[in-house]
Every structure is written in structure tokens, then in C-alpha cells.
Amino acid sequence: MAFRRPHGIGIAGRLILLLRSVLFLCIIGKSIEMSVEEAILTDMLDEGSTSCVDTGETSWNTTYSSSIATSNWSSYITEAIESSNFQAMMEHNGNGEDKSKNWKIRIGKGGNIYSHVNEVLGELIPPQERDDQDAWIDETTMMVSVDIALNFAVPNKMSGGKNFQHYVHQAGAYNRDVGLPPIFYSPNIAMHCADHSCAFASWGQHAHVPTIFESDILYFTRFRNCGDGVMEITQGHYNTAYKVNDRIKLTNTPWGAFRASKLGTSQRTNPDGSFQEAIPEIPKWGTDAERESITNTDQSGGFHVLSETIPTDAEIFMCIKLVNGVYLQRDPCTQDDIDNDGWERFNMIVRNIGTSSKRCLYLTSGVLKCGTTDLKPGKNQGASYGPISIKNNRTNEIVFSATGVRHWFYGGTYSSFFTGATEDETTINNNILEGDALIVVRQKHGSGRTEENKMALTFVHGKYPAENGVSHRLRVGVAADTDRDFIILTINARGAGLNVGKHEMYWNREFYAFGRHADAKDVGNTWVDSTAWGWKKYPSEWNGRKIGLYTSASGSTFRAYASERKGDTLPETCDDQALQCEGMSTPTAGYEAFFAIECGKQFYVGPDQHHFTPSYTQYDMSEPVTETNFVRPYNVSCGESPGERAQFRFLGFFNETSCLSLANKEYDLFPCPIESLSMSPSESSSMPSLIPTSIPLSAPSSMPSQGPSSLPSSEPSFTPSSDQSSMPSTDQSSVPSTEFSYLPSSSSDRPSEFPSTFLGGSSGGSKDDPSRLPSESPTTVPFVSLRDDAINPSNGYRSDSLTSIPLAKPSEYPSKEPSQSPTPNPSVISSEYPSDSPSKFSSNAPTNKHQILFDNNLVTVQTSSTVNSSKSFTPLIWACSSAALLVTNLIF
């Protein structure tokens, strides 16, 4: 991240604050505060399905590692390109020997999925064959927003004559303008990962550039691992509409992208949840066959299945049919279509190329060119994905196979161009004669698995009846413009009623599930009731928490703080900085979406995402378009190279005029120190405060304070203080003190009912001496301390029975007998002496001298970008231990 490191109190001071914060984190086992980005992402998005629970089988990290070796991307994809897009990785790997349900996704800067791997099928996102400058801009799983009223509405005589398009991509912009490359991926503005969930927000970009349109669309996405191969995806299109009044009138949520070579069979569902007949070859996008297959979701079972294609003996063709004087195309079509529905095979009539005697020849590029004649109007050019075979209708033999078709008929004399042909030129020409009819036969993709165990992806999209003029439809097709291995699987929200305006958001919740096709129907029917969609209106349907921005008059930086609970007030100070302006985590009347933008050494805080965009004149929809109307946020240069673009962080929603004092200040990402957030006492607390409150509490704490109160309590504490009081109690405590009394207790020949914390005698002996009499039974609660000299084991006695919880330090004498059952947690410090015989049971966790036991639980703390949701992540415990020891020395 480009935002600067913390400022103001020096490295040493920051280290002390950080260590104190980490220690507090270790003690309470949770975050000191909810980060601003976590608060925004939590409040902007739907909470998610209650059926999606944390199974403890999720890992995620934000450290880039290359997928090139395993994903079989197009040859132009380099680590430099991939790393510039990479934001995070999330993985489910919890099904033991059944690898069919394990998945791994890589999330791009826009919050979109650019790599989707199943452990059996491999990479499923298409290989990026559209263009060498459009990696993961189109062939990716993402959201798209469209203002239909503006799409193609403005003539474009500046760049090619095609009217301006209005498609806002979650992934980013196509590389079709000056200043590109490097590829302009939609900037990430917020991210938060925890447990089985990762959430992202990004500033979406117009895909077709140059453009006259500004983008005010923010995309919100959260991925949750539900276990058993199921992933929940919650997605939101949010319209800031800061400078313009663009509306969201059509959405792709998502525009799903998958490889046809891996999941080439499509299967729709009926409203009762049963399967329709599988389509062994998916129709091309935009063809009659594809359009005929579009289905409203309420006419389906609420889910759709893509599965592996199992090869059969039946041939599939490309066909045409004359309807009302126009030839329609069906690809694929079957023999049944030909016999019963009036379709005919699409034939190419062979001719010699020019004056040569060759019907086909290889170009220097490796493309096979064949001389053909088009006998049917309406099919003069175009392309197709492969693989295909070309059969000679005269001999009924396959002449050659190819991976795809670059052009069916091209040029005034017609020629066909095939990519990836296998046979040599001489053999091909020997097997066809001028005048032969060539037939296109589809080859089936096969994995070697059978119908019974083939793999499938179940897309659970929900079944939503049309309401208030908004309907949802399912579209499935393969890309038709080039030889791309690309299936589009998308849900469109559309209709005259869809008109998402300023401070509103369209959202939905869907699921992807991997597994065997035999289980797909049950999986779809299980999760369909957990799908949902909504349209959050402004301002009645938003409910957020407060966010404060803090700075000092002389300082050049500011910090942000989000209240942990909705309704909480904000602290007046954050360290040495005062509260400057108060905002919210969700849209609020009179507030705008606010961003902290950093461009080199320049800073901006406010609602204008285009603050650093090169100057342009906003198009008013009346004058002819000129070069000055082009909006080019990717042409910002924030460093020595063109790739150093502005960095964005989302701050929440604020009043534009109340935050003017922060307009040019730098965002300091360091959290507010704990002690600076206390304004007034809480009613009660389950843990002691690190800093005493200046006002007494209305209710006692359930845990002792670390320091004595300056005034005595009117009622005894439930548990003892950790330090002696300066005033004696009027009644004796029901539990022992942890420090020596100023006055000794009356002598007694019997040991106290509770063991002394320090092992001195009750009438003034040295604290380093053991008890005069051994305990009659083992202690039930060990003493845990961060100081080496806090407690010593008995020097001459050992208990005859076992303690129920391990001691903070090992005994100098080994136990007489091994443990009869494993301890729930390992010893805090390893014993120097081995047991006489091994335990009958293995420990649940390895012994590690850095582990610390709090309330009989090992604490989990994030210390690096790689986190596993396991409750015993050793490096995190080490961080707690190390921080605690350092804090003890630096502070206490």
C-alpha cells in the first residue's frame, strides 16, 4: 500500500504503542477496535446466510504468488501483469481425500475473481485469449453496471465512429487508449479478511475507453467459505452519483467466466428443482439458439449446472435454416434437428486458391487457409471456439481437426481460416477436391471420467419473481467473436423498474458449489432458499455506525476511527489528534462518499474520485464530443513511471464542507492507541482495563483491575485486586490476595485453603522458600506470569495427584505416572525433564515455549498477511508472548 507509515511520535513511540496494542489484543483475544474498512464493508453489505458457517477450513493471504505454472494462461501473461492485478487469495481445502470440493480463488484489484481453481478440474477462468492487453478485464468473474439510457446514445466521431458505450466493469478498463498499458485495473478502496470471509470494495471503471462518462460506481463483494465445496458471494453495485446523475438500469451480477474445455455441458432446471435435458454443447453468445435459451429465474429451479462433457458417438454440427428470407444459424445442432426441424448442415464448398492447385495452405502465422465458396447468404464472416473437425461429405472422412476458426468466409473471393490444424498440408489437399462439400463437426471435450463421477459446478442464483418492474434472467453462452475458450454464465437484473440512483445499491447473494454431478441437484435445492437480492434505497434502508476523522492543527496527517457498535459516540481525541469531522459507515442525508487519495507526494480527502484525473470538460449531452471531453483517470502519473497511479482508500460518508481542514492531509493508517479512546467508563467489563478510569464504575468489573483504586469500594469485589489497597478492607476477602499483606494473618498449623501466590510462609518467611507444609491436594488453577521470577516450583515436594491445568513453569521433579488423558492445551513452558513413560494419548497441540494460556484458551492474533482460521496458530501466539515481554520491559 502506498499510504505512508505512521507519523508524529517517532519510531520508538510507535513501537511502544504497537506493542501495548498487541498485548491488549492477546489478552482479550479480539481486535482492539473495528477498523474503518471492516466497519464500512460490514455495514454496506448484507450479513449473509445463517446457513453459511465457519467450518475452520479456510485460509487466505495477501502475499502474491504466481499462478502461471498451473493455470495455463495465454503466453503473454507474465508475473508482472498478474502481480499488478493480485489483491488476495482465499482457499477451501477441507474435504480430506475427496478433492472434488476443494477450491482456491484469486481476487483482483477490483474485488473480482481472476483465478478459480478446483483441485480436480484445475483452472476454470478462461485463458485470456481476447487480446494481449486485456488480461482479466473481460474473461473474468465480475459485476457490470449499465445505464441503458446512455449506452450507445452519444455518437463518437473521435475514435472509430462507434457510439459511446456505458459499461462499468468491476475489473477495469480495456487497453484501448493513450496512457495504456499498463492495464488499468479498478482501484481497490477497502479490504477486510477474517475467519472464513474476505470482503472488498473498489471504484469501477468504464470498460470502453476513451469515454466521455465519469464513473461513480463502487463495487462491494464478500466471499465466504461455507464448507463442503460451497462458496457464498454477496455483491453490491453502489451509485455515488457525485458529479453526474447516471443510473444503474441493467446489471450483470455476476458476469461469470468459465472454460468451455472444462465445463462444456449446460443443464437448466425446472421450477420444482428437477433437471432439464443437458445441452452437450453450449450455444454461442448472441446467436438465435442462445437468445432462445434465456430464462427468467422464477421459471427455473433457482440454480444452473455446468459439467464436464462426456464424449458420445453422436455427431454435432453447425446448421442453418431459411426463415422469412433470412438464414438463421444453430450451433450446435444435432441430427434430430436436421431430420425433424428443418435445419440443414452448414457446408463449405471447396475451390482452388487463386491460380494454384492447392485447396488449403498454411500461412507463415501457422493459420490454415482454405479456398471455399459461401452458398448461403448471411454467413460471410465470423468465428468460433474449438475444437472442431472438418469432414468431407463426399468421402464421409475427417480431413483435418482444428482448435478453432478465425474466419468462416473472409474476403471478396471467400476463404476460411482455421487455427491449430493438425494434419500436414499435402495430406489435406490429397483428401479434398474442388467442389467437395466440407461439413463442420463439433468435437466433444472429455476428461476420462464417466457420467456417474464427472465433475460439476453448481451456480445457485435464486428464483425471483418479477416485482415492481424488476426481473432477473439467466443467460448462458460461449464467446463467439474469436476462438476463445470462454463460457459466459450471468444473471441480469433488468426492467423498467430498475433505476438505481444516488446513494442506492442493488445487491444479491449467490453461491458456487463444486462436486460431482450426481450431487449437483441436491446441492442446488439445499442452498436456493439462502439466496437473496435487494435494492437499498436512500436514506431509509441504511443503518451504519459513526466514523471520526482526527488531526491536529499543526499536523500534516489524519487518522480515522470507527465505533465498534452502532449508536456509540466517538472519542474526542485519537492520541494527540482531535476529532475534526464526524461521518458514517453508510449513506446518510447530506453526506457524500469520501476518499483519501494519494498521488506521489500529493494528497486529497473528499468526495471527488477524479481529483487527480487530467483536466477535462464534462460533457453536457448537447454539444459534439471533442478531445477535451474524454475522462482519463488512468493517465494520472504519480511517480517516475506511468504505472505509478493514484492510490485510494474509502473513508465512509461525510459532510463535504465540515471536513475541509483535512482536504490536503495524508491518511495515517496507524490505529488510535487504546488509552486515547477512553472518554467515560463502561457499565461493566469482562476484562480489566489497562488504564484506570477517572470516574468510578456503576457496576463492578468481573475481573480485577491491574492497579488499586484511589478510593475504596463500598462493596467487596467479586474477585481480588491484583495489587494491595492503600486502605484496609473492613471485612476479610473470601479469596486470597495476590500480594503479601502488610500485616500477617494469625498463625495456624494448617495450610490455607488457597495456595499462596508467592511461596513464603504465612508469618513472614522469605517468598523464595517453599511452604512449610505440603498441600493436601493439587492446585486447580496455575499461576501465569510474564516474569521469570514470579513463581518457583516446589523444591522438595511433588503432588500425589495430577493438576487439572498445566503449570506456568515445569516441576523440577518428573511426575510419578504419565498423564491418563491428554491435556486440552500444551504446557506454557516445556518441561526440562521427560516423563518416566510416554503419555497414552497425544497432545492436541504441540508444546511450544511461546504459547500463553488465557482462560484455558490459546489466543489467535494476526501478525502476517497469511492467516489460518485455526485456533492454535503458533506464530501468532509467539507474537503475543514476545510483545508481552517487550511491553513489560518498555512500559511497566
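The values are calculated or read from the model by the stated rules, or taken from the named source; none is laboratory data. What you are looking at is a predicted structure, and each value in this text was computed from that prediction instead of being measured. Here the Cβ positions follow ideal geometry from the backbone for every residue, glycine too, while neighbour counts run over all protein chains shown. SASA here: full protein model, heavy atoms, side chains in, ligands and nucleic acids out. Shrake-Rupley method; radii C 1.70, N 1.55, O 1.52, S 1.80 Å.
Of note:
- Per-residue SASA entry for V523, accessible area with 1.4 Å probe, Å² rounded to 10: 40 Å²
- Low-density loop positions, GluC sites (Glu not before Pro), segment 78-144 - DSSP coil, at most 10 other Cβ in 10 Å: E97
- The loop-placed chymotrypsin sites (Phe, Trp or Tyr not before Pro) in segment 115-195, going by DSSP, that have at most 13 neighbouring Cβ atoms within 10 Å of their Cβ come out as F152.
- Heavy-atom surface of segment 150-292, accessible at 1.4 Å and reported per residue (Å²): 29 Å²
- Of the residues D519, D529, D337, the one with the largest accessible area comes first in the ranking D529, D519, D337, computed with a 1.4 Å probe on protein heavy atoms.
- F213 accessible area, assembled protein chains, probe 1.4 Å, Å²: 10 Å²
- The local environment of A532, defined by Cβ-Cβ distances under 11 Å, has a net charge of -4 under the rule Lys, Arg +1 and Asp, Glu -1.
- Entries in K109/K537; K101/K536; K249/K536; K321/K391; K262/K463 that, when Cα-Cα distance is taken, lie over 22 Å: K109/K537; K101/K536; K262/K463
- In this structure D339 has an accessible area near 100 Å², from a 1.4 Å probe over the protein heavy atoms.
- Surface composition of segment 433-584: carbon and sulfur atoms hold 44% of the protein heavy-atom accessible area at a 1.4 Å probe.
- Cleavage-rule hits, chymotrypsin sites (Phe, Trp or Tyr not before Pro), segment 507-545, DSSP coil, Cβ neighbours within 10 Å at most 12: none
- Accessible solvent surface per residue of segment 489-536, calculated while the other protein chains remain in place, 1.4 angstrom probe, Å²: 32 Å²
- What you get for segment 458-592, charging only the Cβ of Lys and Arg (+1) and of Asp and Glu (-1), is a dipole of about 460 debye around the Cα centre.
- Charge sum, other residues only, whose C-beta stays under 12 Å from I353's C-beta, Lys/Arg counted +1 and Asp/Glu -1: +2
- Accessible area in the full protein assembly, largest first, 1.4 Å probe, for E451, E656: E451, E656
- Label separation (T626 vs V323): 4.9 nm, computed from points 7 Å beyond Cα along the C-beta direction.
- In this structure segment 591-637 gives 44 Å² per residue of accessible area when probed at 1.4 Å with all protein chains present.
- Solvent exposure, largest accessible area first (probe 1.4 Å, DNA, RNA and ligands not counted), of T573, T372: T573, T372
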